[in-house]
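Below you'll find the structure, written out as structure tokens, and then a few comments.
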Amino acid sequence: QSITPLSTPSMDINTDFALAFDIDGVLMRGGKPIPEAIEAMKYINGENPYGIRVPYIFVTNGGGKTEQERCQDLSQQLEIDVSPGQFICGHTPMREMADQYDTVLVVGGEGEKCRVVAEGYGFKNVITPGDIIKTRHDTTPFRKLTDDEFRDSRIVDLDKTQIQAIFVFADSRDWAGDQQIILDCLVSKNGYLNQRSETFNEGPPLFFSHNDILWSTSHEHSRIGMGALRASVEALYKAIAEKDLETIAFGKPQMGTFKFATRLLQEWCQKSHGIDKLPSTVYFFGDTPESDIRGTNDFDKVAENEWFSILVKTGVYQDGTDPRFAPKEICDNVLDGVKFAVEREQ
Ligand code: G3P
Ligand code: MG
């Protein structure tokens, strides 16, 4: 990707700090920007009393589109240029698993978008629930493919196809059907859907791109998300197989995501701001105590620099309640948050 050099790089010289933004509930709600978010972006891009431009990245648990497409959307919504070089979504780290698994079941998201993402990551044979229903329409008794889904789904020879891993890339649009298919894979013999295991311990591993039980949308109350699907699949597995299912979640609050964010930030500071050194402090703005604040605080304990958690009141966290994981600072919204961070650095 091409990165436009800043016209006035000298403005960055004194910034030994950087910012990391969660998206839903901090910058966006229900596909629309939170009003203060646009102003906050201007503020950190030079429109502040000190004339400084602060490096920043985005770390969202959301997903379902290529990083490129999501950055184009964000650029429009926030009225700034957002590059994939400063963006991590829940499934971004999954790209590092593409050389471990050839044939994978990819679940979630709109239409074919997640298949496109997974193929872009290098997974060779990406199967969707739609492919399985197309080949065996009675897999999900009450879910019929739409004409578009039928057209886009592929023919798979279920006798010969071995699903080596299951990845939930984005929120399911059809919980019942997707859960049925995930469970069929989990209780299969070595990932062959047409063969059922007698011991229920031969199924492929199941990965979720994050574990948020709740997330912030345009509705006044938080909505259930992928973490809820995870809990549900685990409970169903226990009911059917009579044993616990161990699944793996990426995203925040996992330390791997924060390590990935550190690498991304360091590269971004270098490429876009000519800063070679890792910023001494990274301010992380989040709305979900369980993922944003917990992850930032935990990472702060092991990171070589300071990670400073700021909780905003525009998303999952409800003003007046005690957050389950205490942030270093609580701000009304992201604009107040960035002002606080910039002031703290002066
Ligand atoms: O599905 C996305 C949601 O769970 C959280 O997104 O941006 O708040 O990490 P975000
Ligand atoms: Mg959020």
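Please treat every number below as a calculation from the coordinates, not as lab data. Note that the structure is predicted; figures quoted are calculated from it, not measured. All Cβ positions, even for glycine, are placed from backbone atoms using ideal geometry, and neighbour counts span all protein chains on display.
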> Quick one: length gained pulling Asp319 to Trp175 fully straight, 0.36 nm per residue minus the C-alpha distance?
Replying inline: 48.7 nm
> Simple spin-label model, 7 Å along Cα-to-Cβ: Met255 to Gln68 in nm?
Replying inline: 3.5
> Can you list residues whose amide H is under 5 Å from Phe208's amide H, if they're 5+ apart or on another chain and H is modeled 1.01 Å from N?
Replying inline: Val168, Ile248, Ala249, Phe250
>> On C-alpha positions alone, give me the angle between the axis of helix 226-241 and the longest principal axis of the chain, in degrees, nearest 10.
In response: 30
> What is the helix-to-structure angle for 35-44, meaning the angle in degrees between its Cα long axis and the longest Cα principal axis of the chain, kept from 0 to 90 and rounded to the nearest 10?
Replying inline: 60
>> Using a 7 Å offset from the Cα along the Cα-to-Cβ direction at both Glu267 and Ala235, what is the distance between the two label points in nm, to one decimal?
In response: 4.0
> Taking the Cα-to-Cβ direction at Asp159 and at Asp99 and moving 7 Å from each Cα, how far apart do the two end points lie in nm?
Replying inline: 3.5
> Which percent of Cα pairs goes in each bin when the distances of the chain are cut into 10 angstrom slices starting at zero?
Replying inline: 5, 25, 31, 21, 13, 4, 0
>> Test of understanding: what is the full-extension gain from Gln195 to Asn125, defined as 0.36 nm times their sequence separation minus their Cα-Cα distance?
In response: 23.2 nm
> Which value in deg cm²/dmol, rounded to the nearest 500, describes the helix-derived mean residue ellipticity at 222 nm for the chain, given -39,500 (n - 2.57) per DSSP H run of n ≥ 4 and division by the residue count?
Replying inline: -9500 deg cm²/dmol
>> Positive end of the dipole of region 131-272, charges at C-beta (+1 Lys, Arg; -1 Asp, Glu), about the Cα centre: which of Leu158, His219, Thr257 has its Cα farthest in that direction?
In response: Thr257
> So for Val168, Val126, fewest C-beta neighbours within 10 Å to most, what's the order?
Replying inline: Val126, Val168
> Once Rh is set to the Kirkwood radius over Cα pairs, what Stokes-Einstein translational diffusion coefficient, in µm²/s, holds for region 236-296 at a temperature of 37 °C and a viscosity of 0.692 mPa s?
Replying inline: 232
> About the Cα centre of region 92-249, what is the dipole size in debye to 20, counting +1 per Lys and Arg Cβ and -1 per Asp and Glu Cβ, all else neutral?
Replying inline: 140
>> With an 8 Å Cα cut-off and a minimum separation of 6 or more residues, compute the relative contact order for region 92-249 in percent.
In response: 19
> In a shell of Cβ-Cβ distance under 14 Å around Lys42, excluding Lys42 itself, what net charge do Lys and Arg (+1) and Asp and Glu (-1) give?
Replying inline: -3
> Between region 183-203 and region 226-254, what's the alpha-carbon centroid distance in Å?
Replying inline: 16
> Measuring from centroid to centroid over Cα atoms, what is the spacing of region 300-334 and region 86-111 in Å?
Replying inline: 28
> region 122-139 to region 54-69: how many Å between their Cα centroids?
Replying inline: 27
>> Please report the antiparallel percentage of the DSSP beta bridges confined to the chain, to the nearest 5.
In response: 20
